[in-house]
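In what follows, a single structure is set out as structure tokens and then discussed.
The values are calculated or read from the model by the stated rules, or taken from the named source; none is laboratory data. Remember, predicted model here, so these are calculated numbers, not experimental data. Counting neighbours? That spans all protein chains shown, and the Cβs are built from the backbone with ideal geometry, glycine included. Remember, those area values only see protein heavy atoms, side chains included, never the ligands or the DNA or RNA. Shrake-Rupley method; radii C 1.70, N 1.55, O 1.52, S 1.80 Å.
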Amino acid sequence: MQNQILSHIQIQHKIKRISYQIYEANVEESEIVIAGIEGGGLLFAKKIRRVLQKITDADIILCKVSMDKKNPVASGVQTSIPEEEYANKSVVLVDDVLNSGTTLIYGVHHFLRVPLKQLKTAVLVNRNHKKYPVKADYKGISLSTSLQEHIKVEFKAKNDSVSLA
């Protein structure tokens, strides 16, 4: 049995609100790097980028972040753009769900290898089951769930949804 947590319209509101928060924190920046963790995070990042491109003249650079989510130490973290393209810039690392914090903390670690103006994190759903000291600076919704429950985020054309199973 699945319970819908967020409807398509609610998700669109969350994306818009997060995008405006990112813009407000970067109002002086000429470039903002939106780094989406491959999978749902990258899809969420693309949606944020689309809104940011409408509300700011800053260049919004999309970066895909890839890693083996089950074993990020072995796989390492790769980005679709070279380090020099995000060095000394404002970076927002984006994922769809913050569960244990593993993918977010390894993503943060990767970006901290070069000097940055600032590094923030954004998630659609924050589950509060963290193993690591990482937090979401921008979040759509926070849920207190049991470890047995599963959050399902679907990004489909005009039918985005978040449900709890």
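Just a few scattered comments:
- Here is the figure for the range 145-165: residues that are among the acidic types (D, E), out of contact with any helix residue (DSSP H, G or I) (no Cβ under 6 Å at 6 or more places or on another chain) and either more than 18 Å from K14 (Cβ to Cβ) or outside any strand (DSSP E or B) (or both) total 1.
- Filtered residue count, the range 87-107, keeping only those that are touching a Ser or Thr at 6+ places or on another chain (Cβ under 7 Å) and either outside any strand (DSSP E or B) or open to solvent by 20 Å² or more (accessible area, probe 1.4 Å) (or both): 1
- A search for C-beta distances below 6 Å between a residue of the range 36-63 that is of a type outside the set (A, V, I, L, M, F, W, C) and any residue that is open to solvent by less than 10 Å² (accessible area, probe 1.4 Å), counting only pairs 6+ apart in sequence or on different chains, returns G36/A45; G36/V94; G41/V94; G41/D95; K47/I15; R49/I34; R49/I60; Q53/I60.
- Scanning the range 122-144 for residues that are assigned to a loop (DSSP other than H, G, I, E, B) and more than 16 Å from S100 (Cβ to Cβ) turns up just one, D137.
- With respect to the stated conditions, L116 fails to be within 30 Å of S161 (Cβ to Cβ) and open to solvent by 20 Å² or more (accessible area, probe 1.4 Å).
- Among the numbered conditions (1) assigned to a strand (DSSP E or B); (2) open to solvent by less than 20 Å² (accessible area, probe 1.4 Å); (3) more than 20 Å from Q21 (Cα to Cα), the only one that I60 does not meet is (3).
- Within the range 1-39, being part of a strand (DSSP E or B) and either open to solvent by 90 Å² or more (accessible area, probe 1.4 Å) or not charged (D, E, K, R) (or both) holds for N3, Q4, I5, L6, I32, V33, I34, A35, G36, I37.
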